[in-house]
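The structure appears below as structure tokens.
Please treat every number below as a calculation from the coordinates, not as lab data. Since the model is a prediction, treat every value here as computed from it, not as a measurement. Cβ coordinates were reconstructed from backbone atoms using ideal geometry, including for glycine residues, and neighbour counts include every protein chain displayed.
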Amino acid sequence: MLENIVTVVERYWSLFLSGLGYTLLLALITVVCGTLLGSLIALMRMARFRPLSVVATAFIEVIRGTPLLLQLYVFYFLVPKIMPFEIGEFTSVSMALVINSTAYVAEIIRAGILAVDRGQTEAARSLGMDSRQTMVRIVMPQAVKNILPALCNEFVAVVKETSLASTFFVGDLMTVFRRINASIFMTLEPLIVVGIIYFAVTFTMSKAVGVLERRLKYSD
């Protein structure tokens, strides 16, 4: 088996590298866009204007309460039909992953903001700061320390979740496995290689997150 694994790596290393690139690109797009949209949803949920809070809460509950694979199917089959222009598989899958991540990131950001001592807000208000100034100058700089490690963990989770994108052949690692499997009729060997790549990436990222958490803790 080891010889077969080595042979698979030697013959298809460029495909594995390409698949890793697509996987990381999908994860990066998902987390960056999810963070931007998640910040908006988090602020909407915390808003005093109840309709905004209700809409944000409903969005989060629906997305978190339905399977990611279902959301991928919806965006892959339904969204292209209602869009005024054509979108490809990669775009459809990216949109679904972004929407899914947005709901989780929104809760991460909201929790990070709520973790800041309320006395900080009250002190800022006593100094004459309005709500926006308090959030930008006082709350968010402290909340970032709570939010950043969790966002990094979300990136690690998204890297693994992108494996579902192979259902739509978007070029990620699992898509590479399926293509190699269909080409040489080997299942276990390319699957082991893909598993090793996933583990290497997520393990390295998890360790980096641990280092980041310790540094942020010591900086307090």
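Applying the criteria of a DSSP loop state and at most 10 other Cβ atoms within 10 Å to the trypsin sites (Lys or Arg not before Pro) of the range 1-76 yields R48. Would you kindly state the longest site-free stretch of the chain, with sites defined as chymotrypsin sites (Phe, Trp or Tyr not before Pro) in a DSSP loop (not H, G, I, E, B) surrounded by at most 16 other Cβ atoms within 10 Å? In short, 86-168.
Across every pair of non-identical alpha carbons in the range 162-220, the mean reciprocal distance, once inverted, gives a Kirkwood radius of 13.3 Å. Screening the chain for whole DSSP H helices of 18 Å or more along their axis (Cα) with average Kyte-Doolittle hydropathy at least 1.6 returns none. When shorter helices are ignored and each DSSP H run of at least 4 residues is given -39500 (n - 2.57), the per-residue value for the chain at 222 nm works out to -26500 deg cm²/dmol. Across all directions, the average flat footprint of the convex hull enclosing the Cα atoms of the range 56-179 is 9.8 nm². Note on the range 90-143: Kirkwood hydrodynamic radius from all Cα pairs is 12.8 Å, rounded to one decimal. Distances between placed amide hydrogens fall under 5 Å for G171 paired with no residue 5 or more residues away or on another chain.
Each distinct pair of alpha carbons in the chain adds a 1/r term; the inverse of their mean, the Kirkwood radius, is 19.6 Å. Partners of K145 within straight-line reach, counting lysines whose Cα lies under 18 Å from its Cα and excluding those fewer than 8 residues away in the same chain: K207, K217.
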